[in-house]
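Below is one structure; the comments refer to it alone.
The values are calculated or read from the model by the stated rules, or taken from the named source; none is laboratory data. Predicted, not measured: the structure shown is a model, and the values here were computed from it. As a convention, Cβ positions derive from the backbone with ideal geometry for all residues, glycine included, and neighbour counts pool all protein chains shown. The accessibility values were calculated without ligands, DNA or RNA, using every heavy atom of the protein model including side chains. Shrake-Rupley method; radii C 1.70, N 1.55, O 1.52, S 1.80 Å.
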Amino acid sequence: VQDLSSRDAVAGFFADLGYDISARTRQAPANLGITAEGLANQIRHMELLADEDRLLQVYLFELSSVTQAATQGLAKAFRNRGGNFLLVLTTKDYDRLDLVLLERTQPRDASPTRAGAGPQAGIRPRVLSMERLKPGRVDMRVLRRFTYTESDPVGQYEKLLSAYAIAD
């Protein structure tokens, strides 16, 4: 974890965990539907790190600062996209890494919201924040469960959800 000080190091980390990084691609905010100017301006670099059949994707975001507002804004941008997502949020110095698993939630109210439209599902960002140079015992325990050992991307996503349950 202490070596995760660059984009390539983070990509290599996920490759070592068993994720397919062959689709690694730099992205523009507009490509992912990130149109809020305030959020788009905070993004210094973003890329798709790993893609497992479009069912589980890992993205890296270098931000000017990692804030709760930025995390919520990114979660909202991914809400209506198909698949499951793990986001790695950091700043240019990579001192702190936020691993954000986006968990889909059921609508609370079953009544229509707009003319004939049903309620929208929500998305809950599950965040694991760690200091790169001083990862905690819980951080390391959770990261060990990130290894890609399941037979399919959906099973791997379920495994990641259980890792976050351990963190909680």
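What to note about this one:
Yes or no, residue by residue, for (1) among the charged types (D, E, K, R); (2) open to solvent by 30 Å² or more (accessible area, probe 1.4 Å); (3) out of contact with any helix residue (DSSP H, G or I) (no Cβ under 7 Å at 6 or more places or on another chain):
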residue	(1), (2), (3)
SER5	no, yes, yes
LEU17	no, no, yes
ALA30	no, yes, yes
ILE34	no, no, no
LEU48	no, no, yes
GLU52	yes, no, no
LEU56	no, no, no
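- So VAL127, is it under 17 Å from LEU55 (Cβ atoms), modelled with pLDDT of 95 or more and aliphatic (A, V, I, L, M): no
- Exactly one residue among LEU74, LEU55 is in contact (Cβ under 8 Å) with a residue 60 or more places away in the chain and in contact with a strand residue (DSSP E or B) (Cβ under 9 Å, 6 or more places away or on another chain), and that residue is LEU55.
- Region 125-168, residues that are open to solvent by 70 Å² or more (accessible area, probe 1.4 Å), within 18 Å of VAL10 (Cα to Cα) and of a type in the set (Asp, Glu): GLU131
- Of the set (1) out of contact with any Lys or Arg (no Cβ under 9 Å at 6 or more places or on another chain); (2) surrounded by 15 or more Cβ atoms within 10 Å (Cβ to Cβ); (3) at pLDDT below 90, all apply to THR113 but (2).
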